[in-house]
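Trainee: Structure in structure tokens, see below.
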Amino acid sequence: MATDVDVQFFSHLNGLVLGNNWGDLIRLLDKVLVTGIDFTQITAASIDAQGDLTLTFYAAHNALLFQIMELSGFAASELNQKYRIKGVPNTTQLILKPSQALTVSSVSTLGTAKLAPLGYDIIFRDNNDVKRVYRAKNPRAEHPFIRVDETISDGTNSYTSTYTKCAMVGLLESMEHIDDYQNPNVLQLPFDPNNLQRNWKITGTGSSVVRGWCKWQWAGQYDTTIGYGESQLPAAGSRAFTIFGDSDAFYFLRAATSNVTSKLLGGCGLFNNAHSNSIIPNWFLMATTFNYAASSSNYLYNYTACMPLAVNANTAKFHAPNFNETARLSASVLAAAVIPDYNSGSSSIYSSNTVAALEIPMSDDSKFLRGSLKHLYYNGKSLGNIGGATPSIYDNSMYVVENIGGTTWNGGSVLFYLGELE
């Protein structure tokens, strides 16, 4: 069996920066979703008796165990494929497991390498470079258009630039241009058929401004353990993060402050559907759901669907289309993870396991079992403060564990499944 090379992850530990500036999020997404990250010059390459490839770089690679690399420009040509990082001997060397077994035993020409992106295209971008629409490469009909919008003014209504940094985010089934979200015949997520602009509009100015509905916050004044409002000045510095997934679905864990253990979970894409998706797509959206004035101050976990999978049944919810096949353009519904508790990675209810990874089914407020989440697993074992994306392996199964925020700094953790290393 070939080694899995579909599910990828990126982290601030790769040297990527998610700063306290407008535009930082979409430029980060461009790299991890679309282009990947180029490595420095390769100075040596060799193939061992097991068929693994060892690369030596001119400078530090900043790569992590089990990330996916893509090679090009090598000879023999069969070397130009995707690999899992199997070993990290030092800061300038990597040992790679090919997805397809090599038949050659030597490298005649050195090429280039990059960390492979998750597999998306930029469909639309705006002239001001504050909006993007992404979609999976080689999409199927059910793959959504993913719109990410960092706009802070429409010319009349404005969100002050020194407030919490967050992007409005949502899914659409079709788009003709970057701002094509007012067609009543096009399904969105979240979706309010009586207010098609609700997820994208800015209303008001100053501290009373209301901006968007579902948002990915990445720079705030405090973390998840302290209440604050969007109008408060974000803490200085760059943010710790992990982005994980493939062209079907990805997740975005990020710290709002320098506290690397208290991260918010976001994500979007397709879930594993239990029903036909021929009429109602199997989409999900995890975001901070906040359609209030910027001055509204409270703990995030006191709001509905603001901290997916964490703290309590109300705030842990996320969004899905309404499974109503006779009225497909109905208002979207809230979905819930079917999990033992909201203390993933801190309750230790399956502490005897070496890796306590529990697949996550999902239901919705209409009492449908909808399917299960891709890649993301409940962690039934307490692992403490992780501090950043941490790879682990059990038998041949590859995982990454990462902290998720709660009501305390050591809120817990979740597991991401990468596939099998053969």
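Trainee: Please work out the Cα center distance from segment 69-101 to segment 30-55, rounded to the nearest Å.
Mentor: Spelled out, the Cα-based centre of one part sits 5 Å from the other.
Trainee: With θ set to phi - 60°, apply the Karplus curve 6.51 cos²θ - 1.76 cosθ + 1.60 along segment 307-317 and write out the HN-Hα couplings as whole Hz, x wherever there is a Gly or Pro.
Mentor: So the J values, rounded to whole Hz, are 9, x, 6, 10, 6, 8, 4, 7, 6, 7, 6.
Trainee: Taking H placed 1.01 Å from N in the peptide plane, check which residues at least 5 places from Gly170 or on another chain put their amide H under 5 Å from its amide H.
Mentor: The answer is Arg147.
Trainee: Let me ask something additional. Could you list the chymotrypsin sites (Phe, Trp or Tyr not before Pro) in segment 36-112 that lie in coil according to DSSP, counting only those with at most 10 other Cβ atoms within 10 Å of their Cβ? Mind showing how you got there, number by number?
Mentor: Values: sites: Phe39, Phe57, Tyr58, Phe66, Phe74, Tyr83; in loops: Phe39, Tyr58, Phe66, Phe74.
When the chymotrypsin sites (Phe, Trp or Tyr not before Pro) of segment 36-112 are filtered for loop state and at most 10 Cβ neighbours within 10 Å, nothing remains.
Trainee: Normalised by the residues of segment 37-115, what does the relative contact order come to in percent, with Cα pairs under 8 Å and at least six apart? Can you show the working numbers first?
Mentor: On the way: 186 pairs, mean separation 30.6, N = 79.
That works out to 39 percent.
Trainee: What is the sum of charges around Ser347, taking Lys and Arg as +1, Asp and Glu as -1, for the other residues whose C-beta is under 14 Å from the C-beta of Ser347? It would help to have the intermediate numbers written out before the result.
Mentor: Values: positive: Lys381; negative: Asp341.
Overall, the nearby charge balance is 0.
Trainee: I would also like to ask the following. Would you mind counting up the charge near His275? Only other residues with Cβ under 10 Å from its Cβ, with Lys and Arg at +1 and Asp and Glu at -1. Working shown, then result.
Mentor: On the way: positive: Arg370; negative: Glu325.
It works out to a net charge of 0.
Trainee: Let me ask something else about it. Using amide H atoms built 1.01 Å from N in the peptide plane, name the residues 5+ places from Asn62, or on other chains, whose amide H lies under 5 Å from its own.
Mentor: For Asn62, no residues qualify.
Trainee: Distance between the C-alpha centers of segment 308-340 and segment 125-194? Whole Å please.
Mentor: Here the answer is 20 Å between Cα centres.
Trainee: What full-extension length gain, to one decimal in nm, is calculated for Tyr292 and Thr205 as 0.36 nm per residue of separation minus the Cα-Cα distance? Don't skip to the answer; put the middle values down first.
Mentor: Details: separation 87, 0.36 × 87 = 31.32 nm, distance 1.27 nm.
In short, 30.1 nm is gained.
Trainee: Then there's this: Cut-off under 16 Å on the C-alpha distance; same-chain residues fewer than 8 positions from Lys317 excluded. Which aspartates and glutamates are left, in chain and number order?
Mentor: Filter leaves Asp341, Asp364, Asp365.
Trainee: When the dipole is taken about the Cα centre of segment 317-422, and only Lys, Arg (+1) and Asp, Glu (-1) are charged at their Cβ, what size is it in debye, to the nearest 20?
Mentor: 300 debye
Trainee: Charges on Cβ only, +1 for Lys and Arg, -1 for Asp and Glu, centred on the Cα centroid of the chain; of Ser276, Val260, Ala235, which one is farthest towards the dipole's positive end?
Mentor: In the chain, that residue is Ala235.
Trainee: Residues of segment 201-219 with amide nitrogen under 17 Å from the 7 Å Cα-to-Cβ point of Thr304?
Mentor: Answer for this model: 213-215.
Trainee: Separate question: For segment 67-82, just list the computed ³J(HN,Hα) in residue order, Karplus coefficients 6.51, -1.76 and 1.60, θ = phi - 60°, integers in Hz, with x standing in for Gly and Pro.
Mentor: Calculated HN-Hα couplings, in order: 5, 9, 10, 10, 9, 8, x, 8, 10, 6, 5, 5, 6, 7, 7, 9 Hz.
Trainee: State whether segment 147-273 is rounded, prolate or oblate according to the following rule on the C-alpha gyration tensor (a ≥ b ≥ c being the square roots of its eigenvalues): a/c under 1.5 gives rounded; otherwise a/b larger than b/c gives prolate, and the remaining case gives oblate.
Mentor: In terms of gyration-tensor shape, oblate.
Trainee: So which lysines can Lys82 reach, going by Cα to Cα under 24 Å and dropping same-chain residues fewer than 8 places off?
Mentor: By straight Cα distance, Lys82 reaches Lys31, Lys97, Lys114, Lys137, Lys374.
Trainee: Let me ask another. Compute the distance in nm between two label points, each set 7 Å from the Cα along the Cα-to-Cβ direction, one at Asn195 and one at Ile349.
Mentor: Result for the modelled spin labels: 3.6 nm.
Trainee: Ok, one more. In percent, how large is the relative contact order of the chain, given Cα pairs closer than 8 Å and 6 or more residues apart? Write down the numbers at each step before the final one.
Mentor: Details: 1179 pairs, mean separation 57.8, N = 422.
Reported as a whole number, the value is 14 percent.
Trainee: Another question, if that's okay. For the chain, with only Lys/Arg (+1) and Asp/Glu (-1) charged at the beta-carbon, what is the dipole magnitude about the Cα centre, in debye rounded to 20?
Mentor: Details: 28 positive and 34 negative charges, 115 e Å.
Computed charge dipole of the chain: roughly 560 debye.
Trainee: From the residues Leu187, Ala141, Ser207, which one has its Cα farthest along the dipole of segment 115-214 in the positive direction, the dipole being from +1 and -1 charges on Cβ of Lys/Arg and Asp/Glu about the Cα centre?
Mentor: Ser207
Trainee: Out of residues 5 or more away from Thr3 or on other chains, whose amide H comes under 5 Å of its own, with H placed 1.01 Å from N in the peptide plane?
Mentor: Glu422
Trainee: Using the Karplus equation 6.51 cos²θ - 1.76 cosθ + 1.60 (θ = phi - 60°), what ³J(HN,Hα) coupling, rounded to whole Hz, does each residue of segment 195-202 give in order, writing x for Gly and Pro?
Mentor: 3J(HN,Hα) across segment 195-202, in whole Hz: 8, 5, 8, 3, 6, 10, 9, 10.
Trainee: Further, regarding this structure: For every other residue with a beta carbon closer than 10 angstrom to the beta carbon of His143, add +1 if it is Lys or Arg and -1 if Asp or Glu, then tell me the sum. Intermediate values should be presented prior to the final figure.
Mentor: Details: positive: Arg135, Lys137, Arg140; negative: Glu142, Glu173, Asp248.
For residues surrounding His143, the net value is 0.
Trainee: Could you tell me which of Tyr303, Ala60, Ser352 has its Cα farthest along the dipole of the chain towards the positive end, charges placed at Cβ (Lys, Arg +1; Asp, Glu -1), taken about the Cα centre?
Mentor: Of the candidates, Tyr303 comes out farthest on the positive side.
Rule-based calculations on the coordinates, nothing more; no lab input. Quick caveat, the model's predicted, so the values are computed rather than measured. Neighbour counts run over all protein chains shown; Cβ positions are idealised from the backbone, glycine included.
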